[in-house]
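Engineer: Please find one structure pasted underneath; my questions will follow.
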Amino acid sequence: MASKASSDPYTIRFIMQCCNDQETEKLPIIFIKQQWSNEELKLVESTIQESLSVRKQLWHDEIKKLSALQGRKAQEERVKKLNHWINNTSVQYYCLSSSESDFENNLIKVMYWKAPIKCIHQLITTVSQRPPALHWTSLPQPDEAQITFKIAFPQSCLTRGELFELVKRTSNAYRWQYQYEWTHGVLFRIEAAKIAIIKHDPETLEISGRIDNAITDDNSDMVPMKSVWPYLSIALTAAIEYFDELSSQYIIRIIPFGNIFYAEKNALPRAFDLTQLLISNDILKRVTYRDNGILHHLNLLQLFPELKPKTLAEIDEMKAKSNNSTGKEENESRNDTMFLNLPERSYNTGRRVSFGSVKCIPQPLHKMEADVELDDVPNEKPKTQYEIMVDNYVNLIIDETMQQVKIS
């Protein structure tokens, strides 16, 4: 990642936050300034180290909190991951001066990579700015049950390209009956279950499974999440596998929405650290908490209706198996369009329609950014309209970047 540098430490922290962990491990951060002073170089170094230290300390504090629960699978799973993050957190960066005679050569050396940067087609095609107002509301209705996994990325963020890649992977993982994608997420539906992946801000991603109690069949009416977990697990597993590939560092909280999840009446939805909840379920076979001095109990029979997972990995075992051997290929072809995919068969349940938009989700009007792929292809074929569009976009970005370098 290249940036026209500033001596402002807040700017440097912002750049650090926008660079995901995979980029900082494999690709360097490049700061470009007309001339660097020794004080500015020291400031860049100290700010980067401070940002890394804050995140490392966060993981050390979590390990200390979990140390009293040794011997439990969820504790061992989480601590192993935390130690890996602590021992593998580093940043490679360069401070280049545009006024130096060898600036261009130095920049070429730093930016030379054998592996091409991936170009994500979805980023430069039209995607709706509007969330699915007729099928998804910001909070579930009183007769709906929902489980949300809230994933936070401390001192980091989830980029737009990563969100699109996660949506693609989840789409390919199952043959969904319905799919609607917009700039901040995607909504899937299979039978009565709805699965939503929504990026609320750069540091927060939510993966939710929702069902309307009024349209579940007789067998699952008393335990509605039995019809949701097989598909919610697909989305969560796809996300965790992808984040681990990126070496992203994250915290997962689980939020049950609905009276069925709480033993006491009028209990408000509450966020639980997923590791601590799994440990409590494993040791005590119950989860309790206090709110305004009142002891509350989580209804684990509703939260985990069948399999009782003791680790994050065991949640993967709850996912539904592929319902069609050709589903992956069909999903890949429809991903290229990035438009609404209609279900293959009508599914009329006779329920009321929830109207209203998701007002809490930011909806920026600016154009989406694109990643660029650089391939050296011998015997070059005539370029398609798509390839010409990519070339024009790349040239525009390069021109704007070099203009900024010259100005600085």
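The values are calculated or read from the model by the stated rules, or taken from the named source; none is laboratory data. Remember, predicted model here, so these are calculated numbers, not experimental data. As a convention, Cβ positions derive from the backbone with ideal geometry for all residues, glycine included, and neighbour counts pool all protein chains shown.
Engineer: Among the candidates 236, 278, single out the residue that is touching a helix residue (DSSP H, G or I) at 6+ places or on another chain (Cβ under 9 Å), under 26 Å from residue 294 (Cβ atoms) and assigned to a helix (DSSP H, G or I).
Structural biologist: Within the list 236, 278, the selection yields 278.
Here's the yes/no breakdown for (1) at pLDDT 85 or above; (2) in contact with a helix residue (DSSP H, G or I) (Cβ under 7 Å, 6 or more places away or on another chain); (3) among the acidic types (Asp, Glu):
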| site | (1), (2), (3) |
| --- | --- |
| 65 | yes, no, no |
| 83 | yes, no, no |
| 96 | yes, yes, no |
| 112 | no, no, no |
| 126 | no, no, no |
| 132 | no, no, no |
| 146 | yes, no, no |
| 156 | no, yes, no |
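The rows are residues; the columns are (1) in the same structural domain as residue 311 (by TED's automatic domain parsing); (2) in a helix (DSSP H, G or I); (3) of a type outside the set (A, V, I, L, M); (4) at pLDDT below 80.
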{"site": "35", "(1), (2), (3), (4)": "no, no, yes, no"}
{"site": "39", "(1), (2), (3), (4)": "no, yes, yes, no"}
{"site": "46", "(1), (2), (3), (4)": "no, yes, yes, no"}
{"site": "57", "(1), (2), (3), (4)": "no, yes, yes, no"}
{"site": "108", "(1), (2), (3), (4)": "no, yes, no, no"}
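Engineer: Could you look through the range 142-160, keep only residues that are over 10 Å from the mean Cα position of the chain (by Cα) and not in a loop (DSSP other than H, G, I, E, B), and pick out the one that is farthest from residue 50 (Cα to Cα)?
Structural biologist: 144
Engineer: Something else: Based on this model, can you work out whether residue 189 counts as more than 10 Å from the chain's Cα centre (by Cα) and under 20 Å from residue 316 (Cβ atoms)?
Structural biologist: no
Engineer: Okay, moving on. Starting from residues that are among the aliphatic types (A, V, I, L, M) and under 30 Å from residue 172 (Cα atoms), keep the ones in the range 298-321 and report whichever is modelled with the lowest pLDDT.
Structural biologist: Of everything passing the filter in the range 298-321, 320 is modelled with the lowest pLDDT.
Engineer: Need the failing condition index for residue 161 against (1) out of contact with any strand residue (DSSP E or B) (no Cβ under 9 Å at 6 or more places or on another chain); (2) at pLDDT 95 or above, just the number.
Structural biologist: (2)
Engineer: On to the next question. Output the number of residues of the range 241-254 satisfying the condition of being closer than 14 Å to residue 204 by Cα and out of contact with any helix residue (DSSP H, G or I) (no Cβ under 7 Å at 6 or more places or on another chain).
Structural biologist: 2
Engineer: Looking at (1) in contact with a helix residue (DSSP H, G or I) (Cβ under 8 Å, 6 or more places away or on another chain); (2) modelled with pLDDT of 85 or more; (3) surrounded by fewer than 19 Cβ atoms within 10 Å (Cβ to Cβ); (4) not aliphatic (A, V, I, L, M), which is the only condition residue 336 fails?
Structural biologist: (2)
Engineer: With the requirement that a residue be at pLDDT 90 or above, out of contact with any Lys or Arg (no Cβ under 8 Å at 6 or more places or on another chain) and either part of a loop (DSSP other than H, G, I, E, B) or more than 30 Å from residue 58 (Cβ to Cβ) (or both), what does the range 251-274 give you?
Structural biologist: The answer is 258, 260, 263, 268, 269, 270.
Engineer: Check 295, 284, 277 and return the single one that is modelled with pLDDT of 90 or more and within 23 Å of residue 75 (Cα to Cα).
Structural biologist: Criteria check complete, one pass: 277.
Engineer: How many of the residues making up the range 93-112 are under 17 Å from residue 41 (Cα atoms) and exposed (fewer than 13 other Cβ atoms within 10 Å of the Cβ)?
Structural biologist: The total comes to 1.
Engineer: Being closer than 22 Å to residue 154 by Cβ, among the aromatic types (Phe, Trp, Tyr), in contact (Cβ under 8 Å) with a residue 24 or more places away in the chain and assigned by TED's automatic domain parsing to the domain that holds residue 176, is that true of even one residue in the range 265-272?
Structural biologist: For the range 265-272, residues closer than 22 Å to residue 154 by Cβ, among the aromatic types (Phe, Trp, Tyr), in contact (Cβ under 8 Å) with a residue 24 or more places away in the chain and assigned by TED's automatic domain parsing to the domain that holds residue 176: present.
Engineer: What is the residue count in the range 46-86 for residues that are exposed (fewer than 12 other Cβ atoms within 10 Å of the Cβ), closer than 17 Å to residue 154 by Cα and polar (S, T, N, Q)?
Structural biologist: Residues in the range 46-86 being exposed (fewer than 12 other Cβ atoms within 10 Å of the Cβ), closer than 17 Å to residue 154 by Cα and polar (S, T, N, Q): 2 in total.
Engineer: Of the conditions (1) exposed (fewer than 14 other Cβ atoms within 10 Å of the Cβ); (2) touching a Pro at 6+ places or on another chain (Cβ under 7 Å), residue 286 satisfies every one except a single condition; which number is it?
Structural biologist: (2)
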